[in-house]
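The structure appears right after this line, and notes come after that.
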Amino acid sequence: MFRPDGSPVRVLVVDDEAAITELLAMALRYEGWEVRTAHDGASAIQAARSFRPDAVILDVMLPDMHGLTVLGRVRAETPDVPVLFLTAKDAVEDRIAGLTAGGDDYVTKPFSLEEVVARLRGLIRRSGAAAKRSESLLAVGDLTLDEDSHEVTRGGEQIQLTATEFELLRYLMRNPRRVLSKAQILDRVWSYDFGGKANVVELYISYLRKKIDAGRPAMIHTRRGAGYLIKPAEQDAHQARPLAVGARAGA
């Protein structure tokens, strides 16, 4: 999901348990969203003011103030931001109190990451914060990937990928301009450490480069000692050349 200006949707995650905020942040960033975290009410209010999130995940019980108080303070400045309450309390009266106070949805701990992401998608879509575009389509520069049809194109030309190549490219494209380490890629694409054979990542990166970058300006880059990233090709990022016929703006 993207904002109308093409930038990633922003989500503020507020919970006093660092393990929970880190888990949620990781899952949401995997979706390609921009995430900020806070662990108490005061920092949450400050973050909401500076970060201007499109949605908030808010724990009801915070160390310095009640989540409903935080909700009121945040809504005083951004009345329309959707808020998903996250709490260990599952009594009906607690849910009613949260929703009556202006919360848009309610998830109890322990929770499913998939459910939280799905509920956030619904809240953001209904709020109108996200641009009207296909939810399954990822785009970086002139490279597109359709998560539903598994079609990949660059500059309108279709590219055939194996299942593993597709998963690797999807992970890169969900994190554009972000350096991903070999360990992160192994964990996400192969779901285990592959016996420590990190060279499998180098191998599949080389496969992707031959299909994505061959004969074109490079999009897949190596940061030695750090990992790999994907970003729009230089000709997409700088398009002020008058002789570049057909150059696209705002890639």
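Name the shape class, rounded, prolate or oblate, that the alpha-carbon gyration tensor gives for region 137-237, where a ≥ b ≥ c are the square roots of its eigenvalues, rounded holds for a/c under 1.5, and otherwise prolate holds if a/b is larger than b/c and oblate otherwise. Because a/c hits 1.5 or more and a/b exceeds b/c, region 137-237 counts as prolate. Taking a ≥ b ≥ c as the square roots of the eigenvalues of the Cα gyration tensor, an a/c ratio below 1.5 marks region 10-127 as rounded.
Once R0 is set to 41 Å, what does the formula 1/(1 + (r/R0)^6) return for the Cβ-Cβ distance between residue 16 and residue 190, expressed as a FRET efficiency to the nearest 0.05? Each step should come with its number before you reach the end.
Details: r = 34 Å, r/R0 = 0.82.
Once rounded, the FRET efficiency stands at 0.75.
Length gained on full extension, residue 26 to residue 221: 68.0 nm, using 0.36 nm per residue less the C-alpha separation.
Counting beta carbons within 10 Å around each of 190, 33 and listing the fewest first gives the order 190, 33. Dipole check for region 137-237: with +1 at the C-beta of Lys and Arg, -1 at the C-beta of Asp and Glu, and the Cα centre as origin, the magnitude is about 500 Debye.
Read-outs: derived from the displayed coordinates by stated rules, not from any lab. All values reported here derive from a predicted model rather than from experimental measurement. Positions of Cβ are backbone-derived with ideal geometry, glycine not excepted, and every protein chain shown enters the neighbour counts.
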